1. Checking the table 42/96; 64/330; 50/249; 96/274 against a 30 Å threshold on Cα-Cα, which pairs fail?
2. With Rg and the Kirkwood Rh both taken from Cα atoms, where does Rg over Rh land for the chain?
3. If the chain between residue 348 and residue 96 were fully stretched, how many nm would it gain, using 0.36 nm times the residue separation less the Cα-Cα distance?
4. Per residue, how much accessible area does segment 11-144 have with a 1.4 Å probe, in Å²?
5. What's the angle, to the nearest 10 degrees (0 to 90), between helix 248-258's Cα axis and the longest principal axis of the chain?
6. Rounded, prolate or oblate: which fits segment 79-150 when a ≥ b ≥ c are the square roots of the eigenvalues of the alpha-carbon gyration tensor, with rounded for a/c under 1.5 and prolate only if a/b beats b/c?
7. Given the Cα-Cα distance of residue 220 and residue 25 and 0.36 nm per residue of separation, how much length would full extension add, in nm?
8. Report, in whole Å, the centroid distance computed from the Cα atoms of segment 161-223 and segment 20-94.
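The values are calculated or read from the model by the stated rules, or taken from the named source; none is laboratory data. Fair warning: this is a prediction, and the values are worked out from it, not measured in the lab. Because the Cβ atoms are built from the backbone with ideal geometry, glycine has one as well, and the counts that use them run over all protein chains shown. Side chains are part of the model used for accessible areas, which takes the heavy atoms of the whole protein and leaves out ligands, DNA and RNA. Shrake-Rupley method; radii C 1.70, N 1.55, O 1.52, S 1.80 Å.
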Amino acid sequence: MKQNDTTVIIGAGPYGLSVAAHLRSKNRPYYIFGKPMEFWQKMPEKMYLKSFWSAASLSAPHGKYSLNHYAAATGTHEQTPIPLPYFLNYCSWFQKKNVPDIDSTYVQALRRSDKTFQLDLEDGRTIEAAHVVVATGIAPFAHIPEYARDLPESLASHTQAHTDLTPFKGCNVAVVGRGQSALEYAALLHEAGADVEVIARGPIIWIDRKLYERTGPAKHIFYPPSDVGPPGLNWIIAFPRVFSRLPDKARYDIDRRAVRPAGAQWLRPRVEGKIRLTPDVEIVKATPQGQGLCCELSDGTKREIDYLFLGTGYQAHIDRLGFIDPELRKDVQVNDGQPLQNSSFESSVPHLYFVGALAGYTFGPICRFVAGTNAAAHQIARHIEQTA
Ligand SMILES: Cc1cc2nc3c(=O)[nH]c(=O)nc-3n(C[C@H](O)[C@H](O)[C@H](O)COP(=O)(O)OP(=O)(O)OC[C@H]3O[C@@H](n4cnc5c(N)ncnc54)[C@H](O)[C@@H]3O)c2cc1C
(Lines give C-alpha, C1' and ligand atoms only; values in the text may rest on other atoms or scores of the structure.)
Protein backbone atom coordinates (compact mmCIF):
# COMPACT_ATOMS: atom_id res chain seq x y z
CA MET A 1 0.00 0.00 0.00
CA LYS A 2 1.50 3.38 -0.98
CA GLN A 3 -0.02 6.54 0.45
CA ASN A 4 2.25 9.42 -0.48
CA ASP A 5 0.42 12.24 1.23
CA THR A 6 -0.87 10.25 4.17
CA THR A 7 -0.24 11.11 7.81
CA VAL A 8 -0.04 8.25 10.27
CA ILE A 9 -0.98 9.09 13.84
CA ILE A 10 0.37 6.53 16.29
CA GLY A 11 -1.93 6.62 19.31
CA ALA A 12 -5.64 7.21 19.93
CA GLY A 13 -5.59 9.01 23.28
CA PRO A 14 -6.53 12.71 23.73
CA TYR A 15 -3.60 13.87 21.57
CA GLY A 16 -4.00 11.41 18.71
CA LEU A 17 -7.76 11.99 18.57
CA SER A 18 -7.33 15.77 18.53
CA VAL A 19 -4.70 15.73 15.77
CA ALA A 20 -6.95 13.41 13.72
CA ALA A 21 -9.98 15.70 14.22
CA HIS A 22 -8.02 18.68 12.85
CA LEU A 23 -6.59 16.75 9.88
CA ARG A 24 -10.01 15.37 9.00
CA SER A 25 -11.57 18.84 8.95
CA LYS A 26 -8.85 19.90 6.49
CA ASN A 27 -9.50 16.84 4.32
CA ARG A 28 -5.95 15.63 4.81
CA PRO A 29 -5.65 11.82 4.47
CA TYR A 30 -4.61 10.02 7.64
CA TYR A 31 -4.56 6.72 9.44
CA ILE A 32 -4.83 6.58 13.22
CA PHE A 33 -3.63 3.48 15.05
CA GLY A 34 -4.05 2.48 18.70
CA LYS A 35 -6.79 1.60 21.15
CA PRO A 36 -9.15 4.52 21.81
CA MET A 37 -8.40 6.08 25.22
CA GLU A 38 -6.63 2.86 26.26
CA PHE A 39 -4.57 4.44 29.06
CA TRP A 40 -7.65 6.02 30.67
CA GLN A 41 -9.77 2.89 30.23
CA LYS A 42 -7.29 1.09 32.50
CA MET A 43 -7.62 3.56 35.40
CA PRO A 44 -9.83 2.54 38.36
CA GLU A 45 -13.45 3.37 37.53
CA LYS A 46 -13.91 5.42 40.70
CA MET A 47 -11.17 7.90 39.83
CA TYR A 48 -11.78 11.58 39.23
CA LEU A 49 -9.82 13.89 36.98
CA LYS A 50 -7.39 16.29 38.57
CA SER A 51 -8.07 18.71 35.71
CA PHE A 52 -10.90 21.13 36.03
CA TRP A 53 -13.76 21.26 33.52
CA SER A 54 -12.24 24.12 31.51
CA ALA A 55 -9.01 22.15 31.04
CA ALA A 56 -10.32 18.73 30.06
CA SER A 57 -11.72 19.14 26.54
CA LEU A 58 -10.14 17.45 23.55
CA SER A 59 -9.46 19.72 20.59
CA ALA A 60 -11.51 19.97 17.39
CA PRO A 61 -11.52 22.91 14.96
CA HIS A 62 -13.36 26.07 16.03
CA GLY A 63 -13.58 24.92 19.65
CA LYS A 64 -16.35 22.46 18.76
CA TYR A 65 -16.99 19.19 20.60
CA SER A 66 -15.82 20.52 23.95
CA LEU A 67 -17.06 19.25 27.32
CA ASN A 68 -19.58 22.11 27.30
CA HIS A 69 -20.95 20.93 23.96
CA TYR A 70 -21.12 17.37 25.28
CA ALA A 71 -22.97 18.48 28.42
CA ALA A 72 -25.48 20.40 26.29
CA ALA A 73 -25.92 17.46 23.91
CA THR A 74 -26.53 14.99 26.73
CA GLY A 75 -28.53 17.21 29.09
CA THR A 76 -25.85 16.91 31.76
CA HIS A 77 -24.01 19.69 33.55
CA GLU A 78 -20.51 20.75 34.59
CA GLN A 79 -18.98 18.37 37.14
CA THR A 80 -16.33 19.19 39.74
CA PRO A 81 -14.29 17.06 39.99
CA ILE A 82 -15.00 15.23 36.74
CA PRO A 83 -15.70 11.51 37.30
CA LEU A 84 -13.60 9.26 35.05
CA PRO A 85 -16.64 7.49 33.48
CA TYR A 86 -18.11 10.87 32.49
CA PHE A 87 -14.84 11.89 30.84
CA LEU A 88 -14.59 8.56 29.02
CA ASN A 89 -18.16 8.93 27.72
CA TYR A 90 -17.30 12.42 26.51
CA CYS A 91 -14.18 11.14 24.71
CA SER A 92 -16.16 8.33 23.10
CA TRP A 93 -18.74 10.91 21.86
CA PHE A 94 -15.90 13.14 20.58
CA GLN A 95 -14.32 10.19 18.81
CA LYS A 96 -17.55 9.06 17.11
CA LYS A 97 -18.20 12.60 15.84
CA ASN A 98 -14.67 13.45 14.74
CA VAL A 99 -12.56 10.31 14.35
CA PRO A 100 -14.84 7.41 13.44
CA ASP A 101 -12.10 5.57 11.58
CA ILE A 102 -9.60 4.32 14.17
CA ASP A 103 -7.61 1.17 13.44
CA SER A 104 -6.84 -0.34 16.85
CA THR A 105 -3.80 -2.27 15.61
CA TYR A 106 -0.49 -1.41 17.27
CA VAL A 107 2.46 -0.09 15.31
CA GLN A 108 5.44 -2.39 15.77
CA ALA A 109 8.13 -0.55 13.85
CA LEU A 110 8.68 2.92 12.41
CA ARG A 111 11.53 3.61 10.00
CA ARG A 112 12.45 6.00 7.26
CA SER A 113 12.71 4.90 3.65
CA ASP A 114 13.98 7.60 1.28
CA LYS A 115 11.72 10.59 1.86
CA THR A 116 8.81 8.72 3.42
CA PHE A 117 8.19 6.60 6.50
CA GLN A 118 7.35 2.92 6.71
CA LEU A 119 5.37 1.47 9.55
CA ASP A 120 5.01 -2.23 10.34
CA LEU A 121 1.80 -3.14 12.11
CA GLU A 122 1.48 -6.00 14.58
CA ASP A 123 -0.89 -7.83 12.18
CA GLY A 124 1.80 -7.97 9.46
CA ARG A 125 0.70 -5.02 7.30
CA THR A 126 3.19 -2.35 6.23
CA ILE A 127 2.00 1.22 5.69
CA GLU A 128 3.81 4.06 3.99
CA ALA A 129 3.36 7.63 5.22
CA ALA A 130 4.55 11.10 4.32
CA HIS A 131 4.07 12.40 7.89
CA VAL A 132 4.07 10.62 11.24
CA VAL A 133 2.70 11.91 14.55
CA VAL A 134 3.88 9.99 17.61
CA ALA A 135 1.09 10.21 20.22
CA THR A 136 1.72 7.09 22.28
CA GLY A 137 1.29 8.68 25.72
CA ILE A 138 3.11 8.14 28.99
CA ALA A 139 2.52 4.45 29.76
CA PRO A 140 6.01 3.36 28.57
CA PHE A 141 7.61 6.04 30.78
CA ALA A 142 6.47 4.74 34.18
CA HIS A 143 9.29 5.31 36.64
CA ILE A 144 10.28 2.35 38.82
CA PRO A 145 12.75 3.24 41.61
CA GLU A 146 15.98 1.26 41.81
CA TYR A 147 14.98 -0.63 44.97
CA ALA A 148 11.86 -2.06 43.28
CA ARG A 149 13.27 -3.07 39.89
CA ASP A 150 13.89 -6.71 40.80
CA LEU A 151 10.69 -7.25 42.77
CA PRO A 152 8.05 -9.51 41.20
CA GLU A 153 4.72 -7.96 40.14
CA SER A 154 3.04 -10.13 42.74
CA LEU A 155 4.68 -7.92 45.40
CA ALA A 156 5.18 -4.47 43.84
CA SER A 157 4.21 -2.53 40.74
CA HIS A 158 3.55 0.92 39.35
CA THR A 159 0.08 2.27 40.10
CA GLN A 160 -0.74 2.26 36.37
CA ALA A 161 -0.83 -1.55 36.44
CA HIS A 162 -4.02 -1.55 38.55
CA THR A 163 -7.60 -1.08 37.44
CA ASP A 164 -9.37 -3.14 40.10
CA LEU A 165 -8.27 -2.53 43.68
CA THR A 166 -10.80 -4.84 45.37
CA PRO A 167 -8.32 -7.77 45.59
CA PHE A 168 -6.39 -5.65 48.15
CA LYS A 169 -9.23 -5.67 50.68
CA GLY A 170 -7.78 -6.60 54.06
CA CYS A 171 -4.18 -6.23 52.82
CA ASN A 172 -1.50 -4.15 54.40
CA VAL A 173 -0.12 -1.94 51.61
CA ALA A 174 2.21 1.02 51.14
CA VAL A 175 1.90 3.63 48.40
CA VAL A 176 5.08 5.47 47.47
CA GLY A 177 4.72 9.03 46.20
CA ARG A 178 2.93 12.30 46.93
CA GLY A 179 1.49 13.34 43.59
CA GLN A 180 -2.16 13.12 42.62
CA SER A 181 -1.89 9.52 41.38
CA ALA A 182 -0.23 8.26 44.55
CA LEU A 183 -2.68 10.07 46.85
CA GLU A 184 -5.77 9.09 44.87
CA TYR A 185 -4.70 5.45 44.66
CA ALA A 186 -4.10 5.56 48.42
CA ALA A 187 -7.66 6.88 48.96
CA LEU A 188 -9.15 4.27 46.63
CA LEU A 189 -7.21 1.46 48.31
CA HIS A 190 -8.39 2.62 51.74
CA GLU A 191 -11.98 2.78 50.46
CA ALA A 192 -11.55 -0.73 49.02
CA GLY A 193 -10.72 -1.98 52.52
CA ALA A 194 -6.91 -2.03 52.50
CA ASP A 195 -4.77 -0.82 55.38
CA VAL A 196 -2.73 1.94 53.66
CA GLU A 197 0.38 3.96 54.42
CA VAL A 198 1.68 6.69 52.09
CA ILE A 199 5.47 6.96 52.09
CA ALA A 200 6.79 10.15 50.48
CA ARG A 201 10.25 11.60 50.22
CA GLY A 202 8.97 15.16 50.77
CA PRO A 203 6.01 16.90 52.41
CA ILE A 204 2.42 16.14 51.38
CA ILE A 205 1.14 19.26 49.62
CA TRP A 206 -2.48 20.04 48.71
CA ILE A 207 -3.06 22.40 45.81
CA ASP A 208 -4.18 25.73 47.16
CA ARG A 209 -6.46 27.73 44.85
CA LYS A 210 -7.22 30.55 47.30
CA LEU A 211 -7.17 33.18 44.56
CA TYR A 212 -9.72 31.17 42.61
CA GLU A 213 -12.04 30.70 45.57
CA ARG A 214 -11.85 34.27 46.86
CA THR A 215 -11.65 36.61 43.90
CA GLY A 216 -15.10 36.22 42.33
CA PRO A 217 -15.21 36.93 38.59
CA ALA A 218 -11.58 38.16 38.78
CA LYS A 219 -10.55 34.52 39.22
CA HIS A 220 -10.30 34.33 35.43
CA ILE A 221 -7.46 36.84 35.58
CA PHE A 222 -5.51 34.56 37.88
CA TYR A 223 -6.42 31.23 36.27
CA PRO A 224 -6.46 30.61 32.49
CA PRO A 225 -8.80 27.82 31.35
CA SER A 226 -5.86 25.42 30.87
CA ASP A 227 -5.08 25.63 34.60
CA VAL A 228 -1.60 24.12 34.65
CA GLY A 229 0.86 25.60 37.17
CA PRO A 230 0.57 28.23 39.90
CA PRO A 231 -0.87 31.75 39.32
CA GLY A 232 1.56 33.87 37.33
CA LEU A 233 3.35 30.98 35.70
CA ASN A 234 0.07 29.42 34.56
CA TRP A 235 -0.45 32.11 31.91
CA ILE A 236 2.98 31.46 30.36
CA ILE A 237 2.35 27.71 30.47
CA ALA A 238 -1.04 28.24 28.80
CA PHE A 239 0.71 29.37 25.61
CA PRO A 240 3.14 26.59 24.71
CA ARG A 241 4.54 28.41 21.67
CA VAL A 242 5.41 31.41 23.85
CA PHE A 243 6.88 29.03 26.43
CA SER A 244 9.01 27.42 23.72
CA ARG A 245 10.74 30.73 23.01
CA LEU A 246 11.98 31.19 26.59
CA PRO A 247 15.62 30.43 27.39
CA ASP A 248 16.40 26.85 28.46
CA LYS A 249 16.98 27.77 32.10
CA ALA A 250 13.66 29.63 32.42
CA ARG A 251 11.79 26.72 30.80
CA TYR A 252 13.45 24.27 33.16
CA ASP A 253 12.66 26.34 36.27
CA ILE A 254 9.02 26.89 35.27
CA ASP A 255 8.61 23.21 34.53
CA ARG A 256 10.03 22.19 37.92
CA ARG A 257 7.73 24.58 39.76
CA ALA A 258 4.65 23.64 37.77
CA VAL A 259 4.88 19.90 38.15
CA ARG A 260 5.63 19.85 41.86
CA PRO A 261 3.89 16.75 43.27
CA ALA A 262 0.66 17.71 45.02
CA GLY A 263 -2.90 16.49 45.54
CA ALA A 264 -6.18 18.17 44.62
CA GLN A 265 -8.10 19.79 47.52
CA TRP A 266 -11.17 17.62 46.93
CA LEU A 267 -9.05 14.56 47.66
CA ARG A 268 -7.79 15.85 51.02
CA PRO A 269 -10.74 14.73 53.21
CA ARG A 270 -10.47 11.23 51.74
CA VAL A 271 -6.81 11.01 52.81
CA GLU A 272 -6.10 13.10 55.92
CA GLY A 273 -7.12 11.41 59.15
CA LYS A 274 -7.92 8.20 57.28
CA ILE A 275 -4.58 7.07 55.95
CA ARG A 276 -1.21 6.97 57.65
CA LEU A 277 0.98 9.61 55.99
CA THR A 278 4.75 9.31 56.36
CA PRO A 279 6.39 12.30 54.65
CA ASP A 280 10.08 13.15 54.24
CA VAL A 281 11.17 9.51 54.22
CA GLU A 282 12.39 7.23 51.44
CA ILE A 283 12.42 3.48 51.00
CA VAL A 284 16.05 2.43 50.75
CA LYS A 285 15.58 -1.31 50.41
CA ALA A 286 12.68 -3.66 49.73
CA THR A 287 13.10 -7.42 50.14
CA PRO A 288 10.62 -10.26 49.69
CA GLN A 289 9.78 -11.78 53.04
CA GLY A 290 7.33 -14.65 53.56
CA GLN A 291 4.22 -13.89 51.46
CA GLY A 292 5.01 -10.14 51.43
CA LEU A 293 7.78 -7.57 51.64
CA CYS A 294 10.02 -5.92 54.17
CA CYS A 295 10.80 -2.26 53.40
CA GLU A 296 13.67 -0.45 55.10
CA LEU A 297 13.17 3.32 55.32
CA SER A 298 15.69 6.16 55.43
CA ASP A 299 14.65 7.01 59.03
CA GLY A 300 15.87 3.56 60.16
CA THR A 301 12.39 2.05 60.58
CA LYS A 302 10.98 -1.00 58.75
CA ARG A 303 7.58 -1.88 57.33
CA GLU A 304 6.28 -5.39 56.77
CA ILE A 305 3.64 -5.16 54.07
CA ASP A 306 1.68 -7.32 51.65
CA TYR A 307 2.07 -5.09 48.61
CA LEU A 308 3.95 -2.00 47.44
CA PHE A 309 2.29 0.48 45.04
CA LEU A 310 4.66 2.78 43.18
CA GLY A 311 2.99 6.12 42.55
CA THR A 312 6.36 7.29 41.39
CA GLY A 313 5.36 9.10 38.23
CA TYR A 314 6.68 9.14 34.71
CA GLN A 315 9.94 10.16 33.04
CA ALA A 316 9.47 10.77 29.34
CA HIS A 317 12.39 9.48 27.26
CA ILE A 318 12.29 8.69 23.54
CA ASP A 319 14.45 5.57 23.97
CA ARG A 320 11.57 3.87 25.78
CA LEU A 321 9.64 3.83 22.48
CA GLY A 322 10.89 0.50 21.20
CA PHE A 323 9.09 0.79 17.84
CA ILE A 324 11.36 3.59 16.56
CA ASP A 325 14.09 2.17 14.32
CA PRO A 326 17.58 2.89 15.75
CA GLU A 327 18.72 4.60 12.51
CA LEU A 328 15.74 6.94 12.61
CA ARG A 329 16.17 7.48 16.36
CA LYS A 330 19.76 8.66 15.78
CA ASP A 331 18.47 11.48 13.58
CA VAL A 332 16.04 12.77 16.21
CA GLN A 333 17.93 15.41 18.18
CA VAL A 334 17.01 15.37 21.84
CA ASN A 335 17.70 17.02 25.16
CA ASP A 336 17.65 14.50 27.98
CA GLY A 337 15.59 12.11 25.86
CA GLN A 338 13.02 14.68 24.71
CA PRO A 339 12.97 15.79 21.07
CA LEU A 340 13.96 19.30 20.04
CA GLN A 341 11.02 20.63 18.04
CA ASN A 342 10.17 23.57 15.85
CA SER A 343 7.06 25.67 16.45
CA SER A 344 4.97 23.09 14.56
CA PHE A 345 5.91 20.23 16.90
CA GLU A 346 8.13 18.78 14.17
CA SER A 347 11.35 17.10 15.31
CA SER A 348 14.76 17.40 13.65
CA VAL A 349 13.53 14.66 11.28
CA PRO A 350 11.29 16.47 8.79
CA HIS A 351 7.62 15.38 8.93
CA LEU A 352 8.09 13.48 12.19
CA TYR A 353 6.08 15.06 15.02
CA PHE A 354 5.87 14.30 18.75
CA VAL A 355 2.99 15.28 21.03
CA GLY A 356 2.14 14.73 24.70
CA ALA A 357 4.79 14.32 27.37
CA LEU A 358 7.66 13.97 24.88
CA ALA A 359 6.99 17.53 23.67
CA GLY A 360 7.49 18.84 27.21
CA TYR A 361 11.09 19.95 26.81
CA THR A 362 10.15 22.39 24.06
CA PHE A 363 6.54 23.26 24.88
CA GLY A 364 6.38 22.88 28.64
CA PRO A 365 4.26 21.20 31.27
CA ILE A 366 0.94 21.70 29.48
CA CYS A 367 2.02 18.83 27.19
CA ARG A 368 1.49 16.40 30.06
CA PHE A 369 -2.18 17.30 30.18
CA VAL A 370 -5.22 17.19 27.95
CA ALA A 371 -5.15 20.99 27.92
CA GLY A 372 -2.13 20.82 25.62
CA THR A 373 -4.04 19.08 22.81
CA ASN A 374 -5.30 22.32 21.27
CA ALA A 375 -1.95 23.91 20.45
CA ALA A 376 -0.43 20.64 19.27
CA ALA A 377 -3.33 19.64 17.01
CA HIS A 378 -3.69 23.13 15.49
CA GLN A 379 0.00 23.50 14.75
CA ILE A 380 0.54 20.05 13.32
CA ALA A 381 -2.55 20.09 11.07
CA ARG A 382 -1.63 23.53 9.76
CA HIS A 383 1.96 22.50 9.07
CA ILE A 384 0.92 19.32 7.28
CA GLU A 385 -1.55 21.28 5.17
CA GLN A 386 1.12 23.83 4.24
CA THR A 387 3.79 21.29 3.39
CA ALA A 388 1.56 18.85 1.49
C1 LIG B 1 -3.66 8.50 37.24
C2 LIG B 1 -3.54 9.59 36.21
C3 LIG B 1 -4.46 10.62 36.21
C4 LIG B 1 -4.37 11.64 35.22
N5 LIG B 1 -5.28 12.65 35.26
C6 LIG B 1 -5.19 13.62 34.35
C7 LIG B 1 -6.11 14.71 34.37
O8 LIG B 1 -6.98 14.84 35.22
N9 LIG B 1 -6.00 15.66 33.37
C10 LIG B 1 -5.05 15.59 32.39
O11 LIG B 1 -5.03 16.47 31.52
N12 LIG B 1 -4.15 14.59 32.37
C13 LIG B 1 -4.20 13.62 33.33
N14 LIG B 1 -3.28 12.61 33.32
C15 LIG B 1 -2.24 12.62 32.28
C16 LIG B 1 -2.80 11.90 31.06
O17 LIG B 1 -2.31 10.61 31.03
C18 LIG B 1 -2.42 12.65 29.82
O19 LIG B 1 -2.91 13.96 29.88
C20 LIG B 1 -3.04 12.04 28.54
O21 LIG B 1 -3.36 10.69 28.64
C22 LIG B 1 -2.08 12.23 27.41
O23 LIG B 1 -2.73 11.78 26.26
P24 LIG B 1 -1.92 11.06 25.09
O25 LIG B 1 -2.83 11.11 23.91
O26 LIG B 1 -0.57 11.65 24.98
O27 LIG B 1 -1.68 9.57 25.59
P28 LIG B 1 -2.59 8.38 26.08
O29 LIG B 1 -3.88 8.83 26.61
O30 LIG B 1 -1.73 7.57 26.99
O31 LIG B 1 -2.88 7.53 24.76
C32 LIG B 1 -1.86 6.73 24.16
C33 LIG B 1 -2.42 6.04 22.94
O34 LIG B 1 -1.35 5.43 22.24
C35 LIG B 1 -1.73 4.13 21.87
N36 LIG B 1 -0.49 3.39 21.62
C37 LIG B 1 0.51 3.14 22.48
N38 LIG B 1 1.49 2.44 21.84
C39 LIG B 1 1.09 2.27 20.57
C40 LIG B 1 1.65 1.64 19.42
N41 LIG B 1 2.84 1.05 19.45
N42 LIG B 1 0.94 1.64 18.27
C43 LIG B 1 -0.27 2.25 18.20
N44 LIG B 1 -0.83 2.86 19.26
C45 LIG B 1 -0.17 2.87 20.42
C46 LIG B 1 -2.63 3.65 22.96
O47 LIG B 1 -3.44 2.55 22.55
C48 LIG B 1 -3.44 4.93 23.21
O49 LIG B 1 -4.48 5.01 22.28
C50 LIG B 1 -3.34 11.60 34.27
C51 LIG B 1 -2.40 10.56 34.30
C52 LIG B 1 -2.49 9.58 35.25
C53 LIG B 1 -1.45 8.50 35.28
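1. Numbers: 42/96 20 Å; 64/330 39 Å; 50/249 28 Å; 96/274 41 Å.
Beyond 30 Å: 64/330; 96/274.
2. Working: Rg = 21.5 Å, Rh = 22.1 Å.
Answer for the chain: 0.97.
3. On the way: separation 252, 0.36 × 252 = 90.72 nm, distance 3.35 nm.
Separation in residues times 0.36 nm, less the Cα-Cα distance, equals 87.4 nm.
4. Numbers: 5920 Å² over 134 residues.
Roughly 44 Å² per residue, with all protein chains present.
5. 50
6. On the way: a/c = 2.65, a/b = 1.21, b/c = 2.20.
Taking the square roots of the gyration eigenvalues as a ≥ b ≥ c, segment 79-150 is oblate.
7. On the way: separation 195, 0.36 × 195 = 70.20 nm, distance 3.07 nm.
Separation in residues times 0.36 nm, less the Cα-Cα distance, equals 67.1 nm.
8. 23
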